[in-house]
Amino acid sequence: MLFIESLHAGSNPALSAMKTKIYLDDVRTPENEGWTVVRDYEEFVGTVTLIGLENIELISLDHDLGNSAMSEYYSNVKPNFTLDYSNITEKTGYDACKFLVEHSMNTEVPLPNVVVHSANPIGAANMMGYINNYFKNCKQKQNCIRVDIPHTIEKSLLMTPEERLAKWKK
């Protein structure tokens, strides 16, 4: 958490204390308090729209937000290092990035700091590249990076490696 807080060095501590931090992930919950956790794309869009980009301090994104995305991860990304979005039926963190950029452009409000905590290396790279390209075109610092945020997973969602392989294998 210390590293993420360093992204905000130089910002007004009183102002940033009032701003929201959003964590998009379908199964993980950050251990540290202070996050607004959203579980899917629709909830993410609704939360960002309601709060407003100007009132958000930090957004942390997961890529795989459902069963078809997880199936794609275990079937293609992990063994073959390929990602085929046509195999994914639900919206992903990549879609959340596209929404953020479009929303920033439409509202003319700069993006807050955005980081990626996804375990999916290709999805994470796609998200960081998309956000950083927008920052570059806006002549802002390209600071979207991959981070490790300590988290918990609900016990009912925990699986052994064997169970995980059986569930997601096509």
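Laboratory data are not the source of any read-out in this text; all were calculated from the coordinates shown. Since this is a predicted model, take the numbers as computed values, not measurements. Glycine also receives a Cβ, built like all others from the backbone with ideal geometry; neighbour counts cover every protein chain displayed.
Give me the angle, in degrees from 0 to 90, between the Cα long axis of helix 41-51 and the longest principal axis of the Cα atoms of the chain, rounded to the nearest 10.
10
Set Lys and Arg Cβ to +1 and Asp and Glu Cβ to -1, take the dipole of the chain about its Cα centre, and tell me which of L61, Y74, H151 lies farthest positive.
Y74
Just the number, please: percent antiparallel of the DSSP beta bridges in the chain, rounded to the nearest 5.
20
Return one number: the angle in degrees, 0 to 90 and rounded to the nearest 10, between the long axis of the Cα atoms of helix 121-137 and the longest principal axis of the Cα atoms of the chain.
20
Once R0 is set to 22 Å, what does the formula 1/(1 + (r/R0)^6) return for the Cβ-Cβ distance between T82 and I145, expressed as a FRET efficiency to the nearest 0.05?
Here the calculated transfer efficiency is 0.40.
Give me the Kirkwood hydrodynamic radius of region 35-83, using the inverse of the mean 1/r over all pairs of distinct Cα atoms, in Å to one decimal.
It is 12.6 Å.
Assign one of three labels to the chain, namely rounded, prolate or oblate, based on the Cα gyration tensor with a ≥ b ≥ c the square roots of its eigenvalues; rounded applies when a/c is under 1.5, prolate when it is not and a/b is larger than b/c, and oblate otherwise.
Taking the square roots of the gyration eigenvalues as a ≥ b ≥ c, the chain is prolate.
What is the set of long-range amide H partners of R146 at a cut-off below 5 Å, with H atoms built 1.01 Å from backbone N?
Here the answer is V116, since their amide H atoms fall under 5 Å of that of R146.
Note down the magnitude of the dipole of the chain about its Cα centre, charges +1 on Lys and Arg C-beta and -1 on Asp and Glu C-beta and zero elsewhere, to the nearest 20 debye.
Numbers: 16 positive and 22 negative charges, 91 e Å.
It works out to roughly 440 debye.
Going down the table (K98/K167; K98/K139; K21/K91; K78/K139; K19/K141; K19/K155), which pairs top 23 Å between alpha carbons?
Values: K98/K167 29 Å; K98/K139 18 Å; K21/K91 21 Å; K78/K139 35 Å; K19/K141 20 Å; K19/K155 30 Å.
Long pairs (Cα-Cα over 23 Å): K98/K167; K78/K139; K19/K155.
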